[in-house]
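Have a look at the structure below before the remarks.
The values are calculated or read from the model by the stated rules, or taken from the named source; none is laboratory data. For clarity, every value in this text was computed on a predicted model and none was experimentally measured. No Cβ is skipped: glycine too gets one built from the backbone with ideal geometry, and neighbour counts run over all protein chains shown. For the accessible areas, the whole protein counts, side chains as well, though only heavy atoms, and no ligand, DNA or RNA atoms are used. Shrake-Rupley method; radii C 1.70, N 1.55, O 1.52, S 1.80 Å.
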Amino acid sequence: MPTERLTFTGHSGDDLVARLDLPEGPHLATALFAHCFTCSKDIPAARRIAARLAGAGIAVLRFDFTGLGHSGGEFENTSFTSNVRDLELAAEALSARDMAPRLLIGHSLGGAAVLAAAGKIDSVRAVATIGAPFDPSHVTHNFDGALEQIEADGVAEVTLGGRPIRIGKSFVEDVRAENLGERIAHLRRALLVMHATRDATVGIENAAEIFKAAKHPKSFVTLDDADHLISNPEDAEYAAQVIAAWATRYLDLSPPAPPPGAPEGVVRVSEADAEGFLQDVNAGPGHHMLADEPSAYGGTDRGMSPYGFLAAGLGACTSMTIRMYARRKGWPLDHVSVDVCHDKVHAQDADSRSDAKADKFTRVVRLEGDLTAEQRDKLMEIADKCPVHRTLERSSIVETRAG
């Protein structure tokens, strides 16, 4: 996916560094992603979720909050309120590019931040949280015994995620004073709450409190045994797929016209796992699938094989063609199903001494309904006239060129 690096001015006047992940195809909407407490925009979960949404036509801006990652400023001088303000400024930067965000996504404390910011960003229509705390002060349990030092000295160094970071008194006081319940109750945006039942960092009861405080439309989806950082690629992929599917209900993602010369649009296939064979398959802006190989062939079996897609195309076209003919004739066809098997067989026209093989597709067509024998025979004849069947029967030209 294309990615732009950009900067905008944060609440303290420092430059905040961001990445804007863009769809390779049409841009249908923009999302703003807020990462977890003291994390950065480049954590694996953020990258994977942004990539999946970009594949669905949704651009995603993810940035480092003040004092974190590549952004300027001092984290010890920030607060929950300043993080919310940075989100507002990120939204303003997107609006200046005519890409005002309609979707906010927040992970962990970033989830609490998007809940607080949503009411201040007019363009936002939907909010999704992942492992978010209902009470932002929940993060202070990570400070171990440093709270007394922060209270006495105004700042203290704590170890979070294996690295030292300085926490200021203003941050602690600010999260303690925050009341998300009122903000959630008056959100007036569609809300998706996602949480892992075994989250050991932010308990599942937080999701229950957020959901209870929110008014409809609201949805809850469990992430089962995912960890708090959504470090498993499959969990991040699942979260992104759910967010993308859910968001289409509220963002009015109007599909663009097909490109000239391609009346059914363009099917784009992009590698999703360089270690295996997993592929993202996008048919225009509205349809996303996964292609893979079985585990026995080095894949991860998370999608149909390429030949599976080919067989599916033949089966679908056969069923549609039969239905169209029966509908036109007014025949009592109640249901059609088609089983398709693919195999390699010796080509009949090949030299018997050769190992040449031909592709063989076997279809089993089931017709249900009060049909006469003549009608059934005719519908089976019609099955051979489906366009995909005809394409497979005759030789095809596959032109390959560099993009």
Neighbours by Cβ (under 7 Å, 6+ apart or cross-chain): first from region 131-152, among the hydroxyl-bearing types (Ser, Thr, Tyr); second part of a helix (DSSP H, G or I) and open to solvent by less than 80 Å² (accessible area, probe 1.4 Å)
Ser137/Val175; Thr140/Leu147; Thr140/Val172; Thr140/Val175
Please verify whether region 167-177 includes one or more residues that are under 24 Å from Ser40 (Cα atoms), of a type in the set (A, V, I, L, M, F, W, C) and within 27 Å of the chain's Cα centre (by Cα).
no
Going residue by residue through region 111-132, is there one that turns out to be more than 26 Å from Val221 (Cα to Cα) and touching a strand residue (DSSP E or B) at 6+ places or on another chain (Cβ under 6 Å)?
no
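From Ala146, Ala190, Ala196, which residue is under 29 Å from the mean Cα position of the chain (by Cα), under 21 Å from Phe37 (Cβ atoms) and not acidic (Asp, Glu)?
Details: Ala146 fails: under 29 Å from the mean Cα position of the chain (by Cα); Ala190 fails: under 21 Å from Phe37 (Cβ atoms).
After ruling out the rest, the residue left standing is Ala196.
How many residues, within region 23-45, are buried (at least 18 other Cβ atoms within 10 Å of the Cβ), within 16 Å of the chain's Cα centre (by Cα) and not β-branched (Val, Ile, Thr)?
Quick first cut of region 23-45, residues buried (at least 18 other Cβ atoms within 10 Å of the Cβ) only: 23, 25, 28-39, 41, 43, 45.
Restricting the remaining residues to those that are within 16 Å of the chain's Cα centre (by Cα) gives 23, 25, 28-35, 43, 45.
In the following step, the residues that additionally are not β-branched (Val, Ile, Thr) were identified as 23, 25, 28-29, 31-35, 45.
Of the residues in region 23-45, 10 are buried (at least 18 other Cβ atoms within 10 Å of the Cβ), within 16 Å of the chain's Cα centre (by Cα) and not β-branched (Val, Ile, Thr).
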What strands (runs of 3 or more DSSP E), lying completely within region 1-50, carry at least 2 residues that are small (Gly, Ala, Ser)?
29-34
Within region 185-203, the residues that are closer than 19 Å to Val127 by Cβ and in contact with a strand residue (DSSP E or B) (Cβ under 8 Å, 6 or more places away or on another chain) are Leu187, Arg189, Ala190, Leu191, Leu192, Val193, Met194, His195, Ala196, Val202
Being basic (Lys, Arg), on the phi < 0 side of the Ramachandran plot and over 16 Å from the mean Cα position of the chain (by Cα) narrows Arg5, Arg62, Arg48 down to just Arg5
Could you list all residues from region 186-207 that are of a type in the set (Gly, Ala, Ser) and free of Cβ contacts under 8 Å to residues at least 60 places away in the same chain?
Ala200, Gly203
Which residue pairs have Cβ atoms closer than 7 Å, lie 6 or more positions apart in sequence or on different chains, and pair a first residue in region 228-243 that is within 17 Å of Asp199 (Cβ to Cβ) with a second residue that is open to solvent by 60 Å² or more (accessible area, probe 1.4 Å) and among the basic types (Lys, Arg)?
Ala236/Arg48
Just to verify a result, which residue in region 358-371, among those that are open to solvent by 60 Å² or more (accessible area, probe 1.4 Å) and either part of a loop (DSSP other than H, G, I, E, B) or touching a Lys or Arg at 6+ places or on another chain (Cβ under 9 Å) (or both), is farthest from Gly315 (Cα to Cα)?
Asp370
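Looking at Ala326, Ala296, which is the one that is open to solvent by 80 Å² or more (accessible area, probe 1.4 Å), among the hydrophobic types (A, V, I, L, M, F, W, C) and farther than 20 Å from Lys360 by Cβ? Give the steps one after another, and end with the answer.
Working: Ala326 fails: open to solvent by 80 Å² or more (accessible area, probe 1.4 Å).
One residue alone meets the criteria, Ala296.
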Subset of region 215-226, residues open to solvent by 70 Å² or more (accessible area, probe 1.4 Å) and part of a loop (DSSP other than H, G, I, E, B), comes to Lys215, His216, Asp224, Asp225
